[in-house]
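Encoded as structure tokens, the structure appears first; notes follow it.
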Amino acid sequence: MAAPASRPRLRVAAVLPYQGGIVLVRHAKDGIAYHLLPGGGVEAGESVEDALRREVLEETGLECSVAAPLFISDSIDPDGGRHMVQLTFVASVVGGELAAHPQDPAIVSIEAVDPRDLTTLDLRPPMAQALYDASLDDFGIPARYLGALWTADAGSTNTGTASEAD
């Protein structure tokens with residue numbers, strides 16, 4: 001069993017409507033491919049909004065403006081070694097172009113995914129249904145807490161994945 005996490009890590013993520021879909025980044029790590037909303041960790045002294053804009057630009061090449069909070073969730077490794085709190089915001093594209101070669105080597109591709117296809121993907125944390133449901137109201141629903149979400153990799157002796165703590 002891993003030592004308990006010393007403190008939760010704060011991650012921001014963007015629901016970014018683009019060209020009829022929602023921008024997702026496809027990661028591959030340890031032979032496992034999965035999708036994430038663009039985003040990442042908030043650095044010390046950095047505002048949540050600045051972190052979101054920075055992470056979206058780094059991962060996708062797109063500049064965004066932050067509109068409103070949509071979801072709050074936890075990802076807590078059952079072994080206790082990782083705990084991430086994710087703040088998911090609705091954002092809009094205000095400039096840039098989808099990057100042909102993302103700066104992050106773990107990103108295999110950047111995709112604009114039709115909301116109807118979200119539930120067919122390995123989306124992490126596992127919020128595909130909530131995201132699809134929110135898309136039906138053009139993401140105009142009140143922000144809500146989704147609870148503790150965690151994705152275990154098949155065949156892994158550790159029930160969690162490093163991907164949850166991006």
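The requirement of being of a type outside the set (S, T, N, Q) and without any contact (Cβ under 8 Å) to a residue 40 or more places away in the chain is fulfilled somewhere in the range 104-116, by at least one residue. For the range 117-127, does any single residue satisfy the condition of being in a strand (DSSP E or B), out of contact with any helix residue (DSSP H, G or I) (no Cβ under 8 Å at 6 or more places or on another chain), over 23 Å from GLY140 (Cβ atoms) and at pLDDT 95 or above? There is no residue in the range 117-127 that is in a strand (DSSP E or B), out of contact with any helix residue (DSSP H, G or I) (no Cβ under 8 Å at 6 or more places or on another chain), over 23 Å from GLY140 (Cβ atoms) and at pLDDT 95 or above. Do you know which residues across the range 6-20 are within 14 Å of ARG116 (Cα to Cα) and outside any loop (DSSP other than H, G, I, E, B)? Listed by number, the list holds a single entry, PRO17. Residues that are in a strand (DSSP E or B), polar (S, T, N, Q) and modelled with pLDDT of 95 or more were ranked within the range 38-78; the one that is nearest to PRO126 (Cα to Cα) is SER73. Within the span defined as the range 79-93, every residue fails to be at pLDDT 95 or above and either surrounded by fewer than 13 Cβ atoms within 10 Å (Cβ to Cβ) or assigned to a loop (DSSP other than H, G, I, E, B) (or both).
Here's the yes/no breakdown for (1) more than 13 Å from the chain's Cα centre (by Cα); (2) of a type outside the set (D, E, K, R):
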position	(1), (2)
LEU52	no, yes
HIS83	yes, yes
THR88	no, yes
ALA106	yes, yes
ASP114	yes, no
THR120	yes, yes
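Every condition in (1) surrounded by fewer than 20 Cβ atoms within 10 Å (Cβ to Cβ); (2) under 21 Å from ASP122 (Cα atoms); (3) touching a Lys or Arg at 6+ places or on another chain (Cβ under 8 Å) is met by ARG9 except one, and the failing one is (2). Per the conditions (1) within 25 Å of ASP137 (Cα to Cα); (2) out of contact with any His (no Cβ under 8 Å at 6 or more places or on another chain); (3) buried (at least 16 other Cβ atoms within 10 Å of the Cβ), the sole criterion not satisfied by ASP74 is (2). Examine the range 21-32 for a residue that is part of a helix (DSSP H, G or I), at pLDDT 95 or above and more than 15 Å from MET84 (Cβ to Cβ), and state whether such a residue exists. Taking every residue of the range 21-32 in turn, none turns out to be part of a helix (DSSP H, G or I), at pLDDT 95 or above and more than 15 Å from MET84 (Cβ to Cβ).
The values are calculated or read from the model by the stated rules, or taken from the named source; none is laboratory data. Values in this document were obtained by computation on a predicted structure and should not be read as measured data. Here Cβ is always computed from backbone atoms with ideal geometry, including for glycine, and neighbour counts include all displayed protein chains.
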